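Notes for the one structure printed next.
The values are calculated or read from the model by the stated rules, or taken from the named source; none is laboratory data. The model shown is predicted, which means the values in this text are computed figures rather than measured ones. All Cβ positions, glycine included, derive from the backbone under ideal geometry; neighbour counts span all protein chains shown.
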Amino acid sequence: MKLALTALLVRDYDEAVAFYCDALGFRLIEDSDLGGGNRWVVISGDDGGALLLAKARKPGEVAAVGNQFGGRVGLFAQTHDFEAVQARLIKAGAMFEEQPRNEPYGTVAVFRDLYGNRWDLIEPKNGEAS
């Protein structure tokens, strides 16, 4: 069995695509109109992993935008060029909670995306995203 997608609640499809594709460097895989203001929007990293961007509509969904993981880091992005991605994220409005730190597995820092979701940005020790 393969985990195919992870849904991420967003306020707006277009602003989410712009942030995640421009700042994080993800690719837009699919953007299909489902009618009634609904879209099937999938973004992916170059080496795998995909998010289904789901527009929040119901009050509970709207309240969960930016806090789907209860305040914990719930998303992890790996890169082979930490400094370049960090600079793009800052330019796009992401807020880093800390300075990059060196861990046994590589360089890492926690940041918040445009909605407030907490992510780890990681450059593995071997310099290769896995």
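Quick notes
- Residue in the stretch 66-80 that is at positive phi, of a type outside the set (K, R), modelled with pLDDT of 95 or more and surrounded by 13 or more Cβ atoms within 10 Å (Cβ to Cβ) present: yes
- Residues in the stretch 2-31 that are within 14 Å of D47 (Cα to Cα) and among the acidic types (D, E): there are none.
- Residue match in the stretch 43-60 (condition: among the aliphatic types (A, V, I, L, M), out of contact with any Leu (no Cβ under 9 Å at 6 or more places or on another chain) and outside any loop (DSSP other than H, G, I, E, B)): no
- Residues of the stretch 70-105 classified as touching a Lys or Arg at 6+ places or on another chain (Cβ under 9 Å) and not in a loop (DSSP other than H, G, I, E, B), total: 7
- Where a residue in the stretch 35-56 is among the polar types (S, T, N, Q) and its partner, wherever it lies, is not in a strand (DSSP E or B), with Cβ under 7 Å and at least six apart: S44/F26
- Taken over the stretch 21-66, the residue count meeting the criterion of being under 13 Å from the mean Cα position of the chain (by Cα) and of a type in the set (V, I, T) is 3.
- In the stretch 1-28, the residues that are modelled with pLDDT under 95 form Cβ pairs under 8 Å with partners that are among the basic types (K, R), at six or more places apart or across chains, as follows: D22/R88; A23/R88; A23/K91; L24/R88; G25/R88.
- Criterion violated by A109 - all others in (1) in contact with a Pro (Cβ under 6 Å, 6 or more places away or on another chain); (2) closer than 22 Å to V17 by Cα satisfied: (2)
- Residue count for the stretch 41-56, restricted to those that are out of contact with any Lys or Arg (no Cβ under 9 Å at 6 or more places or on another chain) and either surrounded by 12 or more Cβ atoms within 10 Å (Cβ to Cβ) or on the phi > 0 side of the Ramachandran plot (or both): 7.
- Hits in the stretch 112-130 - residues which are more than 24 Å from V17 (Cβ to Cβ) and surrounded by 15 or more Cβ atoms within 10 Å (Cβ to Cβ): E123, P124
- For the stretch 84-102, the set of residues classified as more than 22 Å from A16 (Cα to Cα) and either within 14 Å of the chain's Cα centre (by Cα) or surrounded by 11 or more Cβ atoms within 10 Å (Cβ to Cβ) (or both) consists of P100 only.
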